[in-house]
1. Every residue in the stretch 143-196 that is touching a residue at least 40 places away in the same chain (Cβ under 8 Å), assigned to a helix (DSSP H, G or I) and either farther than 19 Å from residue 217 by Cα or open to solvent by 40 Å² or more (accessible area, probe 1.4 Å) (or both), please.
2. Could you give every pair whose Cβ atoms fall below 8 Å, whose first residue belongs to the stretch 199-215 and is touching a residue at least 12 places away in the same chain (Cβ under 8 Å) and among the aromatic types (Phe, Trp, Tyr), and whose second residue is surrounded by fewer than 20 Cβ atoms within 10 Å (Cβ to Cβ) and in a helix (DSSP H, G or I), counting only separations of at least 6 or pairs across chains?
3. Considering only residues that are touching a residue at least 60 places away in the same chain (Cβ under 8 Å) and touching a Ser or Thr at 6+ places or on another chain (Cβ under 6 Å), look in the stretch 74-112 and name the one that is surrounded by the most Cβ atoms within 10 Å (Cβ to Cβ).
4. Which residue, of 229, 236, is open to solvent by 80 Å² or more (accessible area, probe 1.4 Å), touching a strand residue (DSSP E or B) at 6+ places or on another chain (Cβ under 9 Å), farther than 30 Å from residue 17 by Cα and at pLDDT 90 or above?
5. Residue under question is residue 115, and the condition is that it be surrounded by 21 or more Cβ atoms within 10 Å (Cβ to Cβ) and assigned to a helix (DSSP H, G or I); does it hold?
6. If we scan the stretch 45-65, do we find a residue that is open to solvent by less than 10 Å² (accessible area, probe 1.4 Å), in contact with a strand residue (DSSP E or B) (Cβ under 9 Å, 6 or more places away or on another chain) and in a loop (DSSP other than H, G, I, E, B)?
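The values are calculated or read from the model by the stated rules, or taken from the named source; none is laboratory data. Only a predicted model underlies this, so the values are computations on that prediction, with no experimental measurement involved. FYI the Cβ positions are ideal-geometry reconstructions off the backbone, even for glycines, and counts take in every protein chain you see. Each accessible area value is taken on the protein alone, full model and side chains, heavy atoms only, with ligands, DNA and RNA left out. Shrake-Rupley method; radii C 1.70, N 1.55, O 1.52, S 1.80 Å.
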Amino acid sequence: MSFSQPLPVLMYHHISPKPGLVTCSPENFRAQMQWLAKNGWTTLSTAAFADAVASGQVPKKSVLVTFDDGYLDNWVYAHPVLQEFGQQATIFLITGWVGDGPQRPHAGQSDIPDVPTHKQAMAAAAEGKLDTAFLRWSEVEAMRAAGTVEFHSHTHSHTRWDRKIADQAERDAALAADLAVSRETLAARLGEASPHLCWPQGYYDATYQRIARAAGFSHLYTTEHGVARRDVDPARIPRLVAKDKPAGWFGRRMTIYGNSLLSALYLGLKSDKKRH
C-alpha cells in the first residue's frame with residue numbers, strides 16, 4: 001500500500017499575548033514559523049496549494065498557513081513574524097467586519113494597540129464594536145503589499161444560516177447573497193475575486209457546497225481534521241489546528257504530518273480513537 005505526499009493546512013485564529021480559546025502566543029508562533037524556515041519548509045500561496053493538489057505534484061515540506069476571521073492581532077503580532085522569516089499565510093476574512101481607518105502600529109513599533117481575547121472579540125462583534133477587535137482595510141492592504149498575507153472569504157457576515165432561517169429556500173437565498181457580497185467586496189477592495197472560501201464554524205452540507213460553487217468558489221475549507229493529498233476533494237479541504245505549543249512539539253507534529261506513511265498512520269489512529 002502506498003500513500004501520496006501529504007500537504008498540511010494549518011488553522012490559526014489569534015496570535016496574542018493574552019491566553020484564551022483558539023489563541024497562540026506570539027512567542028510560540030514565532031518559534032513555529034522559525035522552525036519551518038530553519039527546516040526547509042515552504043509556506044504556499046493558495047494558488048500554489050490548489051495547483052499542487054490538482055496536479056498531484058505535491059512538493060515535500062510544503063504547508064498552507066491559514067487564519068480564520070481576520071483579527072486585529074493578526075496584523076499586530078502575526079504579520080511581523082511572517083515578514084521576519086519570509087513566510088506567507090492566508091487570512092479568511094469576514095468581509096463585513098473589516099473597517100476603515102489608518103494602519104495601527106504592530107509589534108516592533110511603538111504604541112501597539114491592546115488586542116482583545118477571543119471572548120472579548122466575540123462580544124465586540126455582537127455589540128458592533130468591530131474596530132476594536134478586527135482588521136482595517138489599510139492593514140489588509142499593507143500585509144498584501146508586503147507579501148506576508150493573502151486574503152480570501154470567510155463569508156460577509158459569519159452567519160450560520162442553518163440556525164437563523166428555518167425555510168430552506170429562504171436560507172439558501174440568504175447564503176447565496178452573503179457569499180456574493182463577500183466575493184464582490186474582496187474583488188472591489190483587492191482587485192480580484194477569490195475562489196477560496198472557509199466555512200464559519202466549519203459548518204456546511206451538500207446544499208452549501210452547491211451554492212458556494214455557483215457563487216464562484218472552487219476551494220472550500222473546513223475544520224475537519226486531516227491533511228490534504230493529491231486526491232483531496234477541493235470542496236472539502238481538511239485542516240490541522242495549530243496549537244499554542246513550542247517549536248519542539250510543533251516540529252514533531254510537522255514531521256509526522258509531512259510524511260506520507262506516518263501521517264496516514266497517525267491520523268488513522270486518531271480517527272479510530274474518536275470512533276471508540
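1. 143, 144, 146, 162, 181, 189
2. Between residues of the stretch 199-215 that are touching a residue at least 12 places away in the same chain (Cβ under 8 Å) and among the aromatic types (Phe, Trp, Tyr) and residues that are surrounded by fewer than 20 Cβ atoms within 10 Å (Cβ to Cβ) and in a helix (DSSP H, G or I), the close pairs are 203/162.
3. Filtering the stretch 74-112 for residues that are touching a residue at least 60 places away in the same chain (Cβ under 8 Å) and touching a Ser or Thr at 6+ places or on another chain (Cβ under 6 Å), the one surrounded by the most Cβ atoms within 10 Å (Cβ to Cβ) comes out as 95.
4. Details: 229 fails: open to solvent by 80 Å² or more (accessible area, probe 1.4 Å).
Among 229, 236, only 236 is open to solvent by 80 Å² or more (accessible area, probe 1.4 Å), touching a strand residue (DSSP E or B) at 6+ places or on another chain (Cβ under 9 Å), farther than 30 Å from residue 17 by Cα and at pLDDT 90 or above.
5. On the way: surrounded by 21 or more Cβ atoms within 10 Å (Cβ to Cβ): yes; assigned to a helix (DSSP H, G or I): no.
No.
6. no
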